[in-house]
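The values are calculated or read from the model by the stated rules, or taken from the named source; none is laboratory data. All of these numbers come straight from a predicted model, not from anything done at the bench. Glycine gets a Cβ as well: all are built from the backbone with ideal geometry, and neighbour counts include every protein chain shown. Accessible surface is based on the protein model in full, side chains and every heavy atom, while ligands, DNA and RNA are left aside. Shrake-Rupley method; radii C 1.70, N 1.55, O 1.52, S 1.80 Å.
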Amino acid sequence: MPADLVAARGRSVNRFFHSRFLILAAAVWHICITLTVFLIGRYRLLPNQIDPVGLAMTSDAADYQGDCILLVYVLKNGRVLDWATWPTQFHVRLYSLPLMLLFRWVGFNILTIEPLNLLYYLAMLALVFMIGKTIFDYESGLVAAGIVAVWPSLLFHTTQLLRDPLLMLAVLVMIYCVVKCLSGDLSWYRGLLLTLPTVLAILTIRIVRMPMWHLLYVVIAVAIILLLIRSVREKRIAIGAAVFAAAMTISLVIIPRFQSSFQNQQELMIEGVQAREALQGLSLVQQIEARRRAFPLRVDEEGNVIKVTDGSNIDTDVTLRTVGDLVRYVPRALVVGLFSPFPNMWWKAGRQVGQGGRWLSGFETLLTYVIECLALFGLWRGRRKLAAWFLFIFAGLGALSLGIVVNNIGALYRLRYPFWVLLVILGAGGAVGLFRQTFLQPVMKEPRFPGAVLP
């Protein structure tokens with residue numbers, strides 16, 4: 001057997017065992033973090049931030065706890081159909097499954113929903129790694145997954161009873177399938193195999209975060225255009241890619257027609273009185289303005305809708321009534337989506353998260369600026385790869401859409417994660433490329449025997 005083939009096989013075996021070890025380490029890491037958060041809440045170390053069961057008091061997680069427990073009792077009584085059609089959000093329905101196994105002995109806490117959160121966490125890391133490996137290389141995928149694995153605020157959110165991990169997983173599944181189609185020559189059979197997870201991901205996004213639907217139209221259109229560019233570049237039509245593009249297009253057309261079937265899987269109210277589905281009858285600009293007005297609103301203990309004014313709101317004086325207003329606001333929205341919270345907000349105590357939360361968000365935002373700069377290097381490194389451009393365009397469109405719609409920094413910070421992860425993948429590719437160019441190439445250019453004299 002040739003020596004180079006033996007060496008390649010050895011590297012493959014080493015990476016296999018290395019990957020299994022990293023998966024195990026990531027699982028242990030997440031369980032330890034979840035246990036730490038639970039103990040902080042149990043012993044009231046941060047009583048204003050984390051409640052005794054480990055849920056953040058500043059998020060929506062506490063509001064879902066009652067529904068989750070109720071669904072456990074519904075399942076225990078054998079009412080599976082009632083469980084499937086109960087009017088609550090889809091992610092709460094999923095969280096009730098692991099809770100049902102342990103609720104009888106320990107009740108509800110974040111440790112009882114950890115099995116599902118751990119699955120979300122490991123799946124996200126695996127997808128980030130595979131996307132980075134597909135576009136760049138093994139090392140870039142590993143660096144990207146490592147950054148996502150230890151990012152403090154994202155890690156904390158993956159311990160909670162939230163829909164964000166499910167949304168991120170769905171977005172990453174769709175992106176991975178598109179990247180595979182853009183990066184390789186797929187047969188019609190493999191292209192057909194990729195359609196099932198993609199359609200399920202699109203359906204999940206529709207159920208979990210319906211306001212993203214307009215963004216999906218644009219993103220999938222971009223994906224189809226890039227697939228056409230690839231066909232023109234290679235002067236042939238890839239059957240697998242064509243099947244995949246047709247499936248995505250059909251999904252976008254068909255899925256909204258079943259919206260009435262999704263109503264009991266979604267958050268039903270907005271601004272306390274208006275159903276989300278009612279917004280679909282408005283124009284796009286009217287929908288955006290309605291959602292911007294809703295972010296500063298809260299429901300008090302008596303059920304009244306009140307307007308909250310705190311340091312987390314931004315550009316509340318901006319009103320988008322026409323298409324012209326929307327177009328003029330685009331540059332500002334892009335700045336808000338990519339760079340907020342701004343440095344002048346890092347040192348002010350937040351009404352809900354306090355001074356420590358603002359310091360953490362400032363530290364993470366500073367690191368995000370570095371990642372965004374490295375992402376430009378990563379885009380340059382992969383400039384000949386359409387998949388890299390797809391990630392860059394998706395991240396940019398996501399940041400722009402959030403900057404337009406969301407005028408609360410706390411909400412924007414959390415909603416930005418699916419698009420921020422794409423910048424991390426590009427940034428990891430840029431960081432690995434810069435490291436090799438700076439440290440490895442000069443070593444490789446040096447003579448093997450510096451003291452040797454050439455004849």
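Of all residues in the range 121-137, how many are open to solvent by 20 Å² or more (accessible area, probe 1.4 Å), assigned to a helix (DSSP H, G or I), of a type outside the set (A, V, I, L, M) and in contact (Cβ under 8 Å) with a residue 12 or more places away in the chain?
Residues in the range 121-137 being open to solvent by 20 Å² or more (accessible area, probe 1.4 Å), assigned to a helix (DSSP H, G or I), of a type outside the set (A, V, I, L, M) and in contact (Cβ under 8 Å) with a residue 12 or more places away in the chain: 2 in total.
Yes or no: Val171 under 15 Å from Pro418 (Cβ atoms) and assigned to a helix (DSSP H, G or I)?
It is true that Val171 is under 15 Å from Pro418 (Cβ atoms) and assigned to a helix (DSSP H, G or I).
What are the residue pairs meeting all of these: first residue in the range 323-335, first residue more than 19 Å from Ser283 (Cα to Cα), second residue open to solvent by 30 Å² or more (accessible area, probe 1.4 Å) and assigned to a helix (DSSP H, G or I), Cβ atoms under 6 Å, and 6 or more apart or on different chains?
Ala333/Leu400; Leu334/Leu400
I need the full set of residues from the range 363-413 which are in contact with a Ser or Thr (Cβ under 9 Å, 6 or more places away or on another chain) and more than 22 Å from Met130 (Cβ to Cβ), in order please.
Glu364, Thr365, Gly403, Asn407, Asn408, Ile409, Gly410, Ala411, Leu412, Tyr413 - these are the residues of the range 363-413 that are in contact with a Ser or Thr (Cβ under 9 Å, 6 or more places away or on another chain) and more than 22 Å from Met130 (Cβ to Cβ).
Report yes if Gly398 is in contact with a strand residue (DSSP E or B) (Cβ under 8 Å, 6 or more places away or on another chain), in a helix (DSSP H, G or I) and either in contact (Cβ under 8 Å) with a residue 40 or more places away in the chain or among the β-branched types (Val, Ile, Thr) (or both), otherwise no. Steps first, please.
On the way: in contact with a strand residue (DSSP E or B) (Cβ under 8 Å, 6 or more places away or on another chain): no; in a helix (DSSP H, G or I): yes; either in contact (Cβ under 8 Å) with a residue 40 or more places away in the chain or among the β-branched types (Val, Ile, Thr) (or both): yes.
Answer is no for this residue.
Please state which of the following conditions Leu142 fails to meet, knowing it meets all the rest: (1) assigned to a loop (DSSP other than H, G, I, E, B); (2) surrounded by 19 or more Cβ atoms within 10 Å (Cβ to Cβ).
Single failed check for Leu142: (1).
Do the conditions hold for Pro87, that is, is it assigned to a loop (DSSP other than H, G, I, E, B) and closer than 19 Å to Leu166 by Cβ? First the steps, then the outcome.
Numbers: assigned to a loop (DSSP other than H, G, I, E, B): yes; closer than 19 Å to Leu166 by Cβ: yes.
Yes.
Can you pull out the residues in the range 231-253 that are farther than 28 Å from Arg206 by Cα and buried (at least 20 other Cβ atoms within 10 Å of the Cβ)? I'd like the intermediate steps shown before the answer.
Of the residues in the range 231-253, the ones farther than 28 Å from Arg206 by Cα are 231-238.
Ala238 - this is the single residue of the range 231-253 that is farther than 28 Å from Arg206 by Cα and buried (at least 20 other Cβ atoms within 10 Å of the Cβ).
Using the structure shown, decide if Gly357 is in a helix (DSSP H, G or I), open to solvent by less than 40 Å² (accessible area, probe 1.4 Å), small (Gly, Ala, Ser) and in contact with a strand residue (DSSP E or B) (Cβ under 7 Å, 6 or more places away or on another chain).
Details: in a helix (DSSP H, G or I): yes; open to solvent by less than 40 Å² (accessible area, probe 1.4 Å): yes; small (Gly, Ala, Ser): yes; in contact with a strand residue (DSSP E or B) (Cβ under 7 Å, 6 or more places away or on another chain): yes.
Yes: the conditions hold for Gly357.
Within the range 171-190, can you find the residues that are open to solvent by 10 Å² or more (accessible area, probe 1.4 Å) and either modelled with pLDDT under 85 or within 12 Å of Arg209 (Cβ to Cβ) (or both)? Let's see the steps before the verdict.
Taking the range 171-190 first, the residues open to solvent by 10 Å² or more (accessible area, probe 1.4 Å) are 173, 176, 180, 182-190.
Scanning the range 171-190 gives Gly184, Asp185, Leu186, Ser187, Trp188, Tyr189, Arg190.
Looking at (1) loosely packed, with under 15 Cβ neighbours inside 10 Å; (2) among the acidic types (Asp, Glu); (3) in contact with a helix residue (DSSP H, G or I) (Cβ under 9 Å, 6 or more places away or on another chain), can you tell me which one Asp317 breaks?
Status for Asp317: all satisfied but (3).
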